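Every number in this text was worked out from the coordinates using simple rules, so none of it is lab data. Worth saying up front: this structure is predicted, and the values here are computed from it rather than measured. Every residue, glycine among them, receives a Cβ derived from its backbone with ideal geometry; neighbour counts consider all protein chains shown.
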Amino acid sequence: MNEPLVAYFTMEIALDSAMPTYAGGLGVLAGDTVRSAAELKVPMVAVTLLHRKGYFNQKLDASGWQREEPCDWDIGGHLEEQAPRVSVCIEGRTVHLRAWKYEVRAPGGFSVPVFFLDTDLPENSAWDRTLTHFLYGGDACYRICQEVVLGIGGVRMLRALGCKALTRYHMNEGHAALLGLELLDECARNAGRPTFNHEDVETVRRQCVFTTHTPVASGHDQFGLDLVTRVLGREEVTEMQEIFCCGGALNMTFLALNLSHYVNGVAKKHAETSQLMFSHYKIDSITNGVHAASWTSPPFQALFDRHIPGWRADNFSLRFAHSLPLTEIWEAHLVAKQQLLDRVRHDTGVVLDLKRLTLGFARRATAYKRSDLLVSDVQRLRQIAASAGPLQIIYGGKAHPNDFQGKEAIQRIIRVKEGLNQNIQMVYLPNYDLELGRLMTAGVDVWLNTPQPPMEASGTSGMKAALNGVPSLSILDGWWIEGWIEGETGWAIGENCAMKRSHPDRNACDAAALYDKLEHVVLPLFYHDRDRFADVMRHCISLNGSFFNTQRMVSQYVIKAYFE
């Protein structure tokens, strides 16, 4: 193993569809980050939890209601068990940990190891053995115990594995913020003191980097001090509340902010929003990206190989896609689209038409993402399809098991199908994962995104679509503010609604804008000016595919946060 200097901590990570150790965009970003780090030869090691039972398998019943089933997977077939054992103290009990290794290896041979922490050991109690079973499962006690394992246990495991030269600890969201407590304890021990002090806080701050990912309040974990005292048994947490607490609770986001010398949001607009939320801290921005080689479909990989050799090693060279022949772009797209339609037929029995405009929407199903905005006025949608051209809509995405609003949105979408006519076909593909994500972002004609501003931190699905020449039709929020050139890389929804953010009819305003853009711009262009539509596809690749990738993103972390 290369001697790592950077430790990357994340609650979830997406490395393989057969390894359900991720819930959505945060985990997919983590996987893409590690892949690009390996390609750029960044001396990194990653730490996460095993999630032995996976996130969950999504089943949609006859009424359209989401049901969850455990998602067991072949751990030994994908990971290599490591010999070291460490322990953490939880509620006064000793909880033993082991690690499993997955090697992310770049084409040139450089690798980044990912260690999955596991408490399912015979020496632990039955309940403690479950702490690394479920991703985002259980109650507040379960969650804080998981975060003890990730943060404190993760640092101890890295030490046991021989990672002695680490100089940076990157927290991908606040779940791992308790790693700061372990680093503070190390500082005190090294100085021969029984407890840490404010000088140690400054030492740890110089080592830590924090990326915040959401302006949504529920995305910032907070734990009552009674629970914290019971689980951690550490008086220092309550004695140094200016470091650990906010509003009388252990706030993992504020802990990460207080113990990091560099903090960033994941898009320019998100950094501005975060700066308003956390006004006493400096919030920089590094806009998210996606791993280009992983998210470019085989037909487009072949196209790029013919015309832009070396694009995998130098993603910025995709700017030369500006000269790709339009006919070859369209032919590659039809291959990717047919692959998606074959999957739809296999999974649902529904036969979709290769020649019809196909919209795609696949996100975590939760209220602010407004997945049902497109079908909020079925009568208007039917009128548009009758006058401007037929439509096909492919949906995907899971709701968190406890997110009943998200589940209701899925159910509303599925029930809408009954009121559509022959000009509109719609399917909802269950169990959205890496494999299905690759097919959908490459195979639809237009990628739809309708978040409620300013709740979208970044979003990366549209970046994946852009690599495959699929333009976005999107609300101006997150990354799309930076990637949007009207009529060149796609189309904005609700430019004129932006001033009505607090208006009670913002949803209605955005829906009307979506329908207008679909009826008067997107559908006519697709059906009546194919060369111009293909030119938009070409601009997606050359302007957005060349920039919104993790090769650029990781390079920015190296310069701004890791080795500045």
Prolate/oblate/rounded label for the range 409-456 (Cα gyration tensor, a/c 1.5): oblate
Counting only Cα atoms, I'd like the Rg/Rh figure for the chain, Kirkwood definition for Rh. 0.97
So what are the ³J(HN,Hα) numbers for the range 36-44, from phi and the Karplus equation (6.51, -1.76, 1.60; θ = phi - 60°), rounded to whole Hz, Gly and Pro as x? 5, 4, 5, 5, 8, 6, 6, x, 10
Cα long-axis angle, helix 434-443 against the chain (0 to 90 degrees, to the nearest 10): 30
The rounded separation in angstrom of the Cα centers of the range 387-433 and the range 327-369 is 13
Under the definition of Cα pairs under 8 Å and six or more residues apart, what whole-number percent is the relative contact order of the range 9-146? 24
If I fit a long axis through the Cα atoms of helix 506-517 and take the longest principal axis of the Cα atoms of the chain, what angle between them do I get, 0 to 90°, rounded to 10? 40
Give the long-range amide H neighbours of Leu49: residues separated by 5 or more places, or on another chain, with amide H under 5 Å away, using H modelled in the peptide plane at 1.01 Å from N. Leu117
Which far-off residues, 5 or more places away or on another chain, put their amide H under 5 Å from the one on Leu429, with H placed in the peptide plane? Tyr395, Gly396
Along each principal axis, Cα extent of the range 31-79, largest first, Å: 49, 23, 16
Which order, highest average first, do 195-207, 545-557, 462-474 follow once you tally other Cβ atoms within 10 Å for each residue and take the mean per peptide? 462-474, 545-557, 195-207
Kirkwood hydrodynamic radius of the range 244-286, from inverse mean 1/r over distinct Cα pairs, in Å: 10.7
Antiparallel bridge percentage (DSSP; both residues within the chain; nearest 5): 35
For Tyr262, other-chain or 5+-apart residues with amide H closer than 5 Å (H placed, Pro excluded) are Phe210
Averaged over all viewing directions, the convex hull of the alpha carbons in the range 325-411 casts a projected area in nm² of 7.3
Using packing as a proxy for protection, rank 510-516, 61-67 so that the peptide with the highest average count of other Cβ atoms within 10 Å comes first. 510-516, 61-67
In Hz, Karplus ³J(HN,Hα) per residue of the range 325-339 (6.51, -1.76, 1.60; θ = phi - 60°; x = Gly, Pro): x, 4, 5, 6, 4, 5, 5, 5, 5, 5, 5, 5, 5, 5, 4
What is the Cα convex hull volume of the range 1-66 when expressed per residue in Å³? 99
Run lengths n ≥ 4 of DSSP H only: what is the helix-derived mean residue ellipticity at 222 nm for the chain, with -39500 (n - 2.57) per run over all residues, to the nearest 500? -10500 deg cm²/dmol
Arrange the peptides 71-77, 102-108 so that the one whose residues have, on average, the most other Cβ atoms within 10 Å appears first. 102-108, 71-77
Wrap a convex hull around the Cα atoms of the range 175-255, take a quarter of its surface area, and give that in square nanometres. 5.5
Tell me, how many Å apart are the Cα centres for the range 230-272 and for the range 33-106? 25
Sort the range 382-535 into rounded, prolate or oblate with this rule: let a ≥ b ≥ c be the square roots of the eigenvalues of the Cα gyration tensor; rounded if a/c is under 1.5, and if a/c is not under 1.5, prolate when a/b is larger than b/c, oblate otherwise. rounded
